[in-house]
Amino acid sequence: MLATPHSPKSQRRPLATLGLALLAAALLTGCGAPEDAPEDDDLVQPPDGSPDEPVEAVPLDAESELAPGGELDFRGEGRASSETEQVELAVRVVDLAGNPLPNMQPIANRQRNAWDDPLSRGELTNSDGWGVLTLPPDGLVYVRAWDPTQRHHPNNFLSVHAIPGVELEPVTVTMVQAARLEARLVDESRAPVEDEPAELLLFHPDEGPWWPARTQTDPQGRVAFDHIPPGEYRVQIAGPSGRVELSNVAIRPGGSVDLGALPLTEP
């Protein structure tokens, strides 16, 4: 049985939404919003029924759209799995050029956006980029990879139906380089917002809240968010002094975007 790959419109405008597929020249994107965004200096922890006939894996083009993640809640579907019913899936992780990436962790989630803890975590990939996931045969899951160093983010995810006794075809997850976002936060009088916490939330155009991060402004009001997934997002930055939102911010793989001075509006 083949897994079905997905590519969102912004990653759709390229990268996969983690489930999104971004092309080398395309822009990427990234998960339900958590109650608390992770510290910027800390590593973000990856969030810890099948057809009778095989489903052909057909890549979606750059204009393909994914349904909102809220419509894809498979929790509770299917039957409970036992240890003997687990299904193995071979996963290869590569970069945009197709080179194998070692030390990546294949993971499977119930939701597209990967906010929930993975229901399955594989061992880190070997030097050829190969790893193995053990999946429960109790419904649709979304397979992607996680870089423990956060230097890479998934450019695609794959939807997989696991059936006891049916061998799954190997799948490939493509990763792209993480990016950096900078800004200078000011108040309505244009004075810098200094030494205050600042929280970032990236909104994917199709999937909604996608990636959180947190940092502190410096004496000039500057903030920097590292290790974020490339893509095209609506960007929200908020803190005690207020918030600001920007639409259609394009962040390229391995790139750095400076949003300049952003006046905060009191909440």
State the answer as a single residue: which of Gly221, Gly254, Val244 lies farthest towards the positive end of the charge dipole of the range 179-263, with beta carbon charges of +1 for Lys and Arg and -1 for Asp and Glu, about the Cα centre.
Gly254
Listed highest first by mean packing, meaning other Cβ atoms within 10 Å per residue, what order do 131-139, 221-229 come in?
221-229, 131-139
Percent relative contact order for the range 188-239, counting Cα pairs under 8 Å at least six residues apart, stands at 43
Nonlocal amide H pairs with Gly254, under 5 Å, H built at 1.01 Å
Gln177, Ala178, Ala179
With an 8 Å cut-off on Cα pairs and a minimum separation of 6 or more residues, tell me the relative contact order of the range 100-167 in percent.
32
Compactness of the range 179-263 - radius of gyration and Dmax, Cα, Å:
12.1, 36
For Asp95, which sequence-distant residues (separation of 5 or more, or a different chain) have an amide H within less than 5 Å of its own amide H, given hydrogens modelled in the peptide plane?
Leu101, Met175
Explain nothing, just compute: Karplus ³J(HN,Hα) = 6.51 cos²θ - 1.76 cosθ + 1.60, θ = phi - 60°, for every residue of the range 238-245 in order, whole Hz, x for Gly and Pro.
9, x, x, 7, x, 8, 9, 10
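Bear in mind that the values in this text are calculations on the coordinates, not laboratory data. This one's a predicted model, so the numbers in the text were calculated from it and none came from an experiment. Here Cβ is always computed from backbone atoms with ideal geometry, including for glycine, and neighbour counts include all displayed protein chains.
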